[in-house]
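Structure record follows, encoded as structure tokens.
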Amino acid sequence: MTDLTRLTIADARDRLKAREFSAVELTTSYLGAIDAANGALNAYVVVTADKALDMAKASDERLGAGKAGALEGIPLGVKDLFATEGVHTQAASHVLDGFKPKYESTVTQNLWNEGAVMLGKLNMDEFAMGSSNESSYYGPVVNPWKAEGSDEKLVPGGSSGGSAAAVAAYLCAGATATDTGGSIRQPAAFTGTVGIKPTYGRCSRWGIAAYASSLDQAGPIARDVRDAAILLKSMASVDAKDTTSVDLPVPDYEASLGQSLKGMKIGIPKEYRIEGLPPEIEKLWAEGMAWLKDAGAEIVDISLPHTKYALPAYYIVAPAEASSNLARYDGVRYGLRVDGKDIADMYEKTRAAGFGEEVKRRIMVGTYVLSAGYYDAYYLKAQKVRTLIKRDFETVFHAGVDAILAPITPSSAFAIGDKELAADPVKMYLQDVFTITVNMAGLPGISVPAGLDGKGLPLGLQLIGKPFEEETLFKTAHVIEQAAGTFSPKKWW
Amino acid sequence: MSVDLATVKRVARLSRIAVTDEEAERMMGHLNGILGFVEQLSEVDVTGVEPMTSVTPITMRLRADAVTDGDKADDIVANAPSTDQNFFLVPKVVE
């Protein structure tokens, strides 16, 4: 029998409907794969095997009754940032020790309503703060990809590192993820998977542990563009519990695949040709342009002059919002408590023991930039710069550009425990140089695998679109995928 | 702008995070690195630019002023480290 975990969501969906195999068989295959691999990859922090089998059984009943949902019987992994009722939800942090919410996030509820099966909770950078998945309380995730001829363990990227690694290693058919500064797109690029951060407001943020509320957005990581389109369709919704979710119909994203690019204008931003960009990435970018041109699109040079200020503005706005959002973890209502001599001492000891180094750093930066006398110089200034960043995009879209093609990361996956990156937080922050502008402007962005570098590691390209025009991104990314092919790691685990 | 050790300790206090002297020292280096990095924003002319308040031009939806949730005290305290009769318990705050 073929290995069922190798099927895409689209294939598995069709074959489940044809009753070629059962949802229980499919889920059992995934549980077996997780069991065999998780010791080496550390992608899951919790596996909910019993729940998964119960959900799969229910799916089989609905399939038998002809009442199948859009994702009936499809086994998914859920980033630990999403609240899942009665199931471990800790944002990969010690501060939420033992937390099992009494409610379900809107995005995961939408998936279960369509018949999807939950395999477990996926590892991530603590509170989604990181670009390597090394800040998790549960230890780093190991990238299923290794450089050719090397045994060195590589990071899967972050913060959705567990999601990306699990999808790449066939430990789930697809996964939920979130992106505040690149946390879906960068790990997707490092693992040869497809990740889309939709427009701000497309998915409800309700039930997702907040990091930086004006930037956070949920999206899927999947093995190909079609699967990402299928997942986003079910994840997106308007939600009375999140006033920033938009009341716009959710299109059938899958239907946009295969549509022509004729007449489309693809912008190439000159500011993304940063100093030190590896020639391999430069070459891949040029290849991407050629593929889109061959498909009938027109390639035009554009300028987004405030690009270089997006990263510094982000490192004011995001920590400021984080310092406020993470104030709730105080040892009173949920999670860890470390006793102290009085209430303030209890707060301080709980938060000192509960938060990791990177989270503390961002809370403190945020507290500093919001403190008396500094608000105007830092936060207000950064929000004004953000207006300018958004205006850059509006100007090029107004001039007729339909989507922007850019690199996604300044390198392929790097080693776990990279000393240079560990010693200087700012160096790690530079990982997000190509992804962060999209969050600052609230736009949709998709990361699609486009090739391998000289070491045999995956590299991706990014497409950035107009607000709520995810369909344009799917159809354009699909053209890149058709030209580049898909990429899977060699199994070593 | 850079921060000294006393400022780091004051910010840690405001953040309600206990830090040892050694941690404060290390944090000072990292914080100054980050603050030095964001200093680049001083090059940008923002005269007459409105600060962003919302990335999408949405009007906040209003709903009827009615009770839509509640009556779940047990659920609310279920994850608390210390409770008594649906109250959260904390160390004594009033002598």
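The values are calculated or read from the model by the stated rules, or taken from the named source; none is laboratory data. Everything numeric here is computed off the predicted structure, so don't read it as measured data. Glycine also receives a Cβ, built like all others from the backbone with ideal geometry; neighbour counts cover every protein chain displayed. Note: areas computed on protein heavy atoms with side chains; ligands, DNA, RNA excluded. Shrake-Rupley method; radii C 1.70, N 1.55, O 1.52, S 1.80 Å.
Annotations
- Residue match in region A:355-365 (condition: touching a residue at least 24 places away in the same chain (Cβ under 8 Å), within 27 Å of B:SER54 (Cβ to Cβ) and open to solvent by 20 Å² or more (accessible area, probe 1.4 Å)): no
- Counting only helices (runs of 4 or more DSSP H) that fall entirely inside chain B and contain at least 3 residues that are over 24 Å from the mean Cα position of the chain (by Cα), the qualifying elements are B:73-77.
- Sole exception among (1) at pLDDT below 95; (2) out of contact with any Leu (no Cβ under 7 Å at 6 or more places or on another chain); (3) open to solvent by 40 Å² or more (accessible area, probe 1.4 Å); (4) within 14 Å of chain B (Cβ to nearest Cβ) for A:VAL426, by number: (3)
- Those residues of region A:451-481 which are in a loop (DSSP other than H, G, I, E, B) and not charged (D, E, K, R), in sequence order: A:GLY454, A:GLY456, A:LEU457, A:PRO467, A:PHE468
- Wholly within region A:115-231, strands (runs of 3 or more DSSP E) carrying at least 1 residues that are under 24 Å from A:LYS360 (Cβ atoms) and either β-branched (Val, Ile, Thr) or modelled with pLDDT of 95 or more (or both): A:117-122, A:174-179
- The residue pairs whose first member lies in region A:368-383 and is at the interface with chain B (Cβ under 7 Å from one of its Cβ atoms), whose second member is exposed (fewer than 14 other Cβ atoms within 10 Å of the Cβ) and part of a helix (DSSP H, G or I), and whose beta carbons are closer than 9 Å, counting only pairs six or more residues apart or on different chains, are A:LYS381/B:SER42.
- Annotation for region A:37-45: at least one member residue is surrounded by fewer than 19 Cβ atoms within 10 Å (Cβ to Cβ), closer than 30 Å to A:TYR211 by Cβ and not hydrophobic (A, V, I, L, M, F, W, C).
- Residue in region B:55-65 that is farther than 30 Å from A:PRO305 by Cα, open to solvent by less than 70 Å² (accessible area, probe 1.4 Å), modelled with pLDDT under 95 and more than 8 Å from chain A (Cβ to nearest Cβ) present: no
- Flag for A:LEU326 being within 14 Å of chain B (Cβ to nearest Cβ), assigned to a helix (DSSP H, G or I) and in contact (Cβ under 8 Å) with a residue 12 or more places away in the chain: yes
- In region A:210-225, of all residues being open to solvent by 20 Å² or more (accessible area, probe 1.4 Å) and over 30 Å from A:PRO489 (Cα atoms), the one that is farthest from the other protein chains (Cβ to nearest Cβ) corresponds to A:SER213.
- Options A:SER412, A:SER447; residue that is part of a strand (DSSP E or B) and within 17 Å of the chain's Cα centre (by Cα): A:SER447
- Among all positions in region A:26-46, there is no residue which is closer than 23 Å to A:CYS203 by Cβ and within 14 Å of chain B (Cβ to nearest Cβ).
- Considering residues of region B:2-37 that are modelled with pLDDT of 95 or more and β-branched (Val, Ile, Thr) only, the residue nearest to A:ARG337 (Cα to Cα): B:ILE17
- Exactly one residue out of A:ALA65, A:ALA92, A:ALA37, A:ALA83 is in contact with a Pro (Cβ under 7 Å, 6 or more places away or on another chain) and small (Gly, Ala, Ser): that is A:ALA83.
- Taken over region B:1-19, residues that are open to solvent by less than 80 Å² (accessible area, probe 1.4 Å) and facing chain A (nearest Cβ under 9 Å) amount to 9.
Yes or no, residue by residue, for (1) closer than 18 Å to A:PRO251 by Cβ; (2) among the hydroxyl-bearing types (Ser, Thr, Tyr); (3) surrounded by fewer than 24 Cβ atoms within 10 Å (Cβ to Cβ); (4) touching a Pro at 6+ places or on another chain (Cβ under 8 Å):
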{"residue": "A:ALA168", "(1), (2), (3), (4)": "no, no, no, yes"}
{"residue": "A:ASP179", "(1), (2), (3), (4)": "no, no, no, no"}
{"residue": "A:ALA189", "(1), (2), (3), (4)": "no, no, no, yes"}
{"residue": "A:THR199", "(1), (2), (3), (4)": "yes, yes, no, yes"}
